[in-house]
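What follows is a short report on a single structure.
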Amino acid sequence: RLFELDPDLLPLFQYNCKQFASPQECLSAPEFLDHIRKVMLVIDAAVSHLENLSCLEEYLCNLGKKHHAAGVKVESFSTVGESLLYMLEKCLGTAFSPDVREA
């Protein structure tokens, strides 16, 4: 969904200096799948520490610096968020209520 919403994000996903020719090629790359696992681990850590996000502050700041250095723009994260909500809606089905979406 991410690349449907913003195809210009595809070039940001390069592994070992390899440029992907298509979203499908990127989505099937083991490096991309590993990246997605890491994203989910960061989301899990943030959710697990909602009451004390300061314990993740240094890690998240460094992660932000790495993303900035790779050319990721702040506004791209709204597209990532929209893609995540789309995935949750597809996976949760009717359990993805308006309250769940808002949360």
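Summed over the stretch 86-96, residues that are assigned to a loop (DSSP other than H, G, I, E, B) and either open to solvent by 100 Å² or more (accessible area, probe 1.4 Å) or within 20 Å of H35 (Cα to Cα) (or both) total 0. Taking the criterion of being farther than 19 Å from K66 by Cβ and surrounded by 15 or more Cβ atoms within 10 Å (Cβ to Cβ), the residues of the stretch 6-26 that qualify are D6, F20, P23. Here V100, V47, V74 are screened, and the one residue that is under 27 Å from Q19 (Cβ atoms) and aliphatic (A, V, I, L, M) is V74. Taking (1) within 16 Å of S76 (Cβ to Cβ); (2) out of contact with any Ser or Thr (no Cβ under 9 Å at 6 or more places or on another chain) in turn, L10 satisfies each apart from (2).
Matching residues to (1) aliphatic (A, V, I, L, M); (2) modelled with pLDDT under 95; (3) open to solvent by less than 60 Å² (accessible area, probe 1.4 Å):
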site: G64; (1), (2), (3): no, yes, yes
site: V72; (1), (2), (3): yes, yes, yes
site: E75; (1), (2), (3): no, yes, no
site: L84; (1), (2), (3): yes, yes, yes
site: P98; (1), (2), (3): no, yes, no
site: A103; (1), (2), (3): yes, yes, no
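Restricting the stretch 68-78 to residues that are under 14 Å from L12 (Cα atoms) and in a helix (DSSP H, G or I), the residue that is nearest to the chain's Cα centre (by Cα) is F77. Here E31 clears all of (1) out of contact with any strand residue (DSSP E or B) (no Cβ under 8 Å at 6 or more places or on another chain); (2) closer than 20 Å to L63 by Cα; (3) open to solvent by less than 90 Å² (accessible area, probe 1.4 Å) except the condition numbered (1).
Contact annotation: residue pairs with Cβ atoms under 9 Å, 6 or more positions apart or on different chains, pairing a residue in the stretch 76-96 that is polar (S, T, N, Q) with a partner that is open to solvent by 80 Å² or more (accessible area, probe 1.4 Å) and in a helix (DSSP H, G or I), are S76/D8; S83/E4.
The values are calculated or read from the model by the stated rules, or taken from the named source; none is laboratory data. Predicted model, so just to flag it, every value in this text is computed and none were measured. Note that each Cβ is placed from the backbone with ideal geometry, even for glycine, and that neighbours are counted across all protein chains shown. All accessible areas refer to the heavy atoms of the entire protein, side chains included, with ligands and DNA or RNA removed. Shrake-Rupley method; radii C 1.70, N 1.55, O 1.52, S 1.80 Å.
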